[in-house]
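Okay, so here's the structure we're looking at.
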Amino acid sequence: MKFKNVLGCTLAILPMFCAVESQAGLSDEYDKAMYEKKHNSEGYKNTQKLNAKQKLFLREVMGNRSTLTQIELCHMSNDNLKQCKDGSQGMGWRLPANNNSKYISNVTVRVEGNDSIITITASPEFGENVTLIYDCSVVSGHVECPISSKSSCLEKDLCSAGIFDVSQENSKRPSEIEFKIKK
């Protein structure tokens, strides 16, 4: 009788173990499917695994948002971007912003029409005349600063739109870094 009870309990519990095991398998299958979908997508065709120089540029040059913040403060102060240029300073903002990064050699801000154009020249460590240009304009009352297609960092492959950085080849979840490029 005891053997029958043990066998009956084992058979009763077995489907629960199978269900848990199959759920774990579904999770892995889902991750794999999402990874393959992302890698086969239209947007991924322009993507790349970042090399050390690209990661440094992304972190130290593109990640340095001090001048972009100053442009936003300038817009809030003036309700337009026409005064947001070199040498301008106002309540809480100063252009170009003070830059303490050793990876940026120069920052200039100029006005073209209703837009403020920010040109960031990277240090020679990234190559000769590497620039990142933001073309800032007011859209629906707030400032948007996409990367200008005139930026030399684009042709030197230091910045691009829709970069996926896969830290390990077998990683199931590539991290996506998205930037808008203004043509």
field: Number of the condition not met by Val139 [criteria: (1) modelled with pLDDT under 90; (2) surrounded by fewer than 16 Cβ atoms within 10 Å (Cβ to Cβ); (3) among the hydrophobic types (A, V, I, L, M, F, W, C)]
entry: (1)
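Can you tell me which residue is farthest from the chain's Cα centre (by Cα) among those in region 102-157 that are small (Gly, Ala, Ser) and assigned to a loop (DSSP other than H, G, I, E, B)? Explain how you work it out, then say what you get.
Taking region 102-157 first, the residues small (Gly, Ala, Ser) are 105, 113, 116, 122-123, 127, 137, 140-141, 148-149, 151-152.
Within this subset, residues satisfying the condition of being assigned to a loop (DSSP other than H, G, I, E, B) are 113, 123, 127, 140-141, 149, 151.
On the way: Gly113: 28, Ser123: 21, Gly127: 22, Ser140: 22, Gly141: 23, Ser149: 17, Ser151: 16 Å.
Checked region 102-157; the qualifying residue farthest from the chain's Cα centre (by Cα) is Gly113.
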- prompt: Which of the residues belonging to region 110-124 are surrounded by 15 or more Cβ atoms within 10 Å (Cβ to Cβ) and more than 13 Å from Ser137 (Cα to Cα)?
  reply: Thr119, Ile120, Thr121, Ala122, Ser123
field: Selection count where residues are buried (at least 16 other Cβ atoms within 10 Å of the Cβ) and in a helix (DSSP H, G or I), scope region 78-101
entry: 0
task: Return only the number of the condition from (1) at pLDDT 90 or above; (2) open to solvent by 60 Å² or more (accessible area, probe 1.4 Å) that Tyr134 does not satisfy.
output: (2)
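Table: residues versus (1) under 18 Å from Arg65 (Cα atoms); (2) touching a residue at least 40 places away in the same chain (Cβ under 8 Å).
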site	(1), (2)
Asp79	no, no
Gln89	yes, no
Tyr103	yes, yes
Asn106	yes, no
Asp115	yes, no
Ile120	yes, yes
Leu132	yes, yes
Cys159	yes, yes
- request: Within region 48-61, identify whether any single residue is of a type in the set (S, T, N, Q), open to solvent by 100 Å² or more (accessible area, probe 1.4 Å), at pLDDT 55 or above and not in a helix (DSSP H, G or I), and answer yes or no.
  value: no
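Can you confirm whether Lys45 is modelled with pLDDT of 60 or more, charged (D, E, K, R), out of contact with any Cys (no Cβ under 7 Å at 6 or more places or on another chain) and exposed (fewer than 11 other Cβ atoms within 10 Å of the Cβ)? Don't jump to the end; show me each part of the working.
Details: modelled with pLDDT of 60 or more: no; charged (D, E, K, R): yes; out of contact with any Cys (no Cβ under 7 Å at 6 or more places or on another chain): yes; exposed (fewer than 11 other Cβ atoms within 10 Å of the Cβ): yes.
The answer is no for Lys45.
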task: Could you tell me whether region 115-129 includes any residue that is in contact with a strand residue (DSSP E or B) (Cβ under 9 Å, 6 or more places away or on another chain), modelled with pLDDT of 90 or more and of a type in the set (Phe, Trp, Tyr)?
output: no
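The values are calculated or read from the model by the stated rules, or taken from the named source; none is laboratory data. Predicted model, so just to flag it, every value in this text is computed and none were measured. Because the Cβ atoms are built from the backbone with ideal geometry, glycine has one as well, and the counts that use them run over all protein chains shown. Side chains included, ligands, DNA and RNA excluded: accessible areas come from the protein's heavy atoms. Shrake-Rupley method; radii C 1.70, N 1.55, O 1.52, S 1.80 Å.
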